[in-house]
Each structure stands twice: as C-alpha cells, then as structure tokens.
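Just so it is clear, none of the values below were taken in a lab; they were calculated from the coordinates. Note that the structure is a prediction, hence the values are computed from the model and not measured. Backbone-built Cβ (ideal geometry, glycine too); neighbour counts: all protein chains shown.
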Amino acid sequence: MILFQKSKDLQAFIEQKKSNNLQIGFVPTMGALHLGHLSLIRAAKKNCDIVVCSIFVNPTQFNQISDLENYPRPIENDIKLLMEVDCDVLFHPDVNELYGEDFTKDSSDNYGSFIHVLEGKSRPGHFDGVVTIVAKLFRICKPNKVYFGQKDYQQCLVVKTLIERQFSSIQFNLCPIERELDGLAMSSRNIRLTIEERKLATNIFKAMDFVQKRWEKENWQLLVKEAIETFLGPPFQLEYFCVCNKDTLEELTEFESEAIILTAATLGKTRLIDNLLLSH
Ligand code: AMP
C-alpha cells in the first residue's frame with residue numbers, strides 16, 4: 001500500500017494511473033476503521049483497478065469541539081487493516097493540507113428539503129462540512145467510482161446530489177450496513193460505549209426490526225409508537241425515530257409500502273445513528 005500525505009503527490013500518481021486507462025475507486029473515511037469501512041474497500045476492490053482510501057477527521061462537519069477532539073485516531077491499526085484488505089493507496093493528509101487557513105464551507109442549502117431534516121436539523125452546518133470535504137477530496141482523487149455506506153443514509157443522498165451537480169462522471173455506489181451479531185450497526189463511536197451501554201445499544205436495531213417485520217398498512221403508526229416505547233425508553237435519549245420516504249426523507253403521513261426508518265439516539269455520551277429500509 002502506498003501512503004500519500006500531500007495532495008499533489010496523490011494527484012500525480014492518479015494522473016499516471018488514469019493515463020494507463022485504470023479505473024480508480026475511492027472510499028473516504030474518518031478512520032478508526034472497522035468491518036463496515038473494510039466492506040466498502042472490498043466492494044471497491046472488486047470493481048476497480050486502484051482503490052484509494054482517505055482517512056481525514058474533517059473539522060468542518062463536527063458541531064461540537066469535544067466530539068472532534070475525542071474522535072478516535074488509531075492510525076497504526078488502520079494502516080494494518082487496510083493492508084489486510086489489500087487497499088492500494090491511503091491518503092492521510094493533515095488539516096493544513098486540505099484547508100490551509102480557509103475554513104469556509106461550501107453550502108448544501110439548495111440541495112432540497114431533505115437537507116434540513118433529521119441530521120441536518122440536529123447538526124446545523126454538518127452537511128455543509130460534508131459537501132466541502134467530499135468535493136475537495138473528489139477534486140484531488142478524481143475517482144471513477146466512489147463507495148459510501150448506507151449507515152449514513154442522509155449523507156448518501158447529499159453526496160449523490162453533489163455528484164449530480166458537480167461531478168457527473170463519477171459513479172456512486174451504496175454499500176449495505178455491516179452489523180455486529182446482535183444487530184448494532186458498526187461505528188467508530190461504538191468503542192466509547194460502556195459495557196452496560198453496549199448491551200443496551202442493540203435495542204436500536206431491535207426497535208427498527210420490530211417495525212420492519214410487521215410493516216403493513218393496518219396500524220402502521222401505532223407500530224412505530226410501540227417500537228419506541230418497548231425498546232427506546234430511558235436511558236436512551238431519543239432524538240428521532242422517523243419513518244420517511246426514502247428519496248425525499250419527508251416523514252410519512254400516510255402508509256407507503258416502501259419507506260425507511262431513520263433514528264438517532266444518545267446513550268451516555270455516545271450518539272448513535274442507524275436506519276433500516278421497509279417494504280411490504
Ligand atoms: P466515517 O469514517 O464514519 O466517515 O465513514 C466512512 C464511510 O464508511 C461512510 O461512507 C460510512 O457510511 C461508511 N460506514 C460507516 N459505518 C458503516 C457500517 N457499519 N457499514 C457500512 N458502511 C459503514
């Protein structure tokens with residue numbers, strides 16, 4: 001695996017590979033890699049000649065300075081994991097390399113109403129930060145194909161819109177959520193859970209699974225209420241558990257056979273997000 005820390009070195013490498021007609025796959029991450037991230041690299045490896053993973057904890061997408069400062073950064077272990085899955089290139093720039101002194105964000109304001117709900121509402125400015133960094137990374141890496149996880153479903157809609165508007169030659173690939181055996185979605189933040197919180201965290205999946213298994217027109221609203229009451233009472237601090245249209249993220253007011261549940265809940269100091277597609 002080749003490690004680049006400077007944009008211009010990665011750019012020169014990519015240009016050379018592309019001039020030989022090789023397909024570049026790109027997987028942007030913030031590191032603290034787990035099997036979820038590695039599944040994206042594996043998917044990219046299957047369909048591309050050269051796979052680039054970036055590890056960069058992007059300051060402009062954090063709302064709380066403490067979350068940014070406490071974000072795990074086990075780079076040595078990440079390098080080991082990337083080598084195990086035969087990743088070709090790691091791009092690991094520092095903050096100055098990507099931002100210099102310019103921390104202004106691109107705007108995602110006019111991407112559609114889905115920008116302002118759920119994560120967009122809970123974390124003001126978050127998607128502006130995502131659009132800013134993803135656009136910067138796309139310009140440097142110039143990938144043919146990119147791989148993102150359904151775990152961050154709303155982010156996927158944002159990135160798809162960015163691609164439609166500014167990078168139309170890039171092919172977007174959505175990869176399924178990797179889960180622990182008890183259903184908890186893998187996340188770099190899971191290591192912050194205490195033993196007790198980790199046991200309880202499975203309830204997030206249980207609540208969504210409860211709805212998924214019973215998804216039908218009759219009593220669908222009561223079903224959602226029952227899932228929340230059964231699985232997500234205290235000590236969960238539930239921010240949202242919404243059944244939405246999968247394209248617009250508008251909360252359903254009437255039954256739709258295809259939909260998605262999206263949820264965010266905090267346990268102790270750890271905020272967890274997850275989602276599950278519904279179909280009848
Ligand atoms: P992050 O490092 O959290 O920014 O995530 C980098 C990429 O990995 C994003 O596209 C995420 O959606 C994806 N990802 C994170 N967790 C999972 C998971 N459990 N399963 C699949 N993809 C994931």
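So here's what we get for this one:
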{"quantity": "Candidate lysines - alpha carbon under 19 Å from K80, same-chain residues fewer than 8 apart omitted", "calculated": "K45"}
{"quantity": "Relative contact order (%) - criterion: Cα under 8 Å, at least six apart; region: the range 1-109", "calculated": "38 percent"}
{"quantity": "Virtual spin-label span in nm between T253 and E180, 7 Å along Cα→Cβ", "calculated": "3.9 nm"}
{"quantity": "If the convex hull is drawn through the Cα atoms of the range 1-124, its volume per residue in Å³", "calculated": "144 Å³"}
{"quantity": "Taking N as its residue count, the alpha carbon Rg of the chain over 2.2 N^0.38 Å", "calculated": "1.02"}
{"quantity": "Mean separation of Cα contacts under 8 Å (6+ apart) over length of the range 67-171, as relative contact order %", "calculated": "23 percent"}
{"quantity": "Charge dipole (the chain, unit charges on Cβ, about Cα centre) - positive-most of N110, Y240, I24", "calculated": "I24"}
{"quantity": "Separation of alpha-carbon centers, the range 222-237 and the range 108-124, rounded to whole Å", "calculated": "25 Å"}
{"quantity": "Alpha-carbon centroid distance for the pair the range 1-44 / the range 126-179, whole angstrom", "calculated": "14 Å"}
{"quantity": "Calculated SAXS-style log₁₀ I(q)/I(0) at q = 0.13, 0.14, 0.17 Å⁻¹ - the range 163-280, Debye, Cα scatterers", "calculated": "-0.56, -0.64, -0.87"}
{"quantity": "Proxy reagent accessibility, fewest Cβ within 10 Å first, across Y147, Y111, Y99", "calculated": "Y99, Y111, Y147"}
{"quantity": "Residue exposure sequence - S54, S107, S39 - by fewest surrounding Cβ within 10 Å", "calculated": "S107, S39, S54"}
{"quantity": "Reach of K217 by Cα under 22 Å, taken over lysines that are not fewer than 8 positions away in the same chain", "calculated": "K206, K225, K246"}
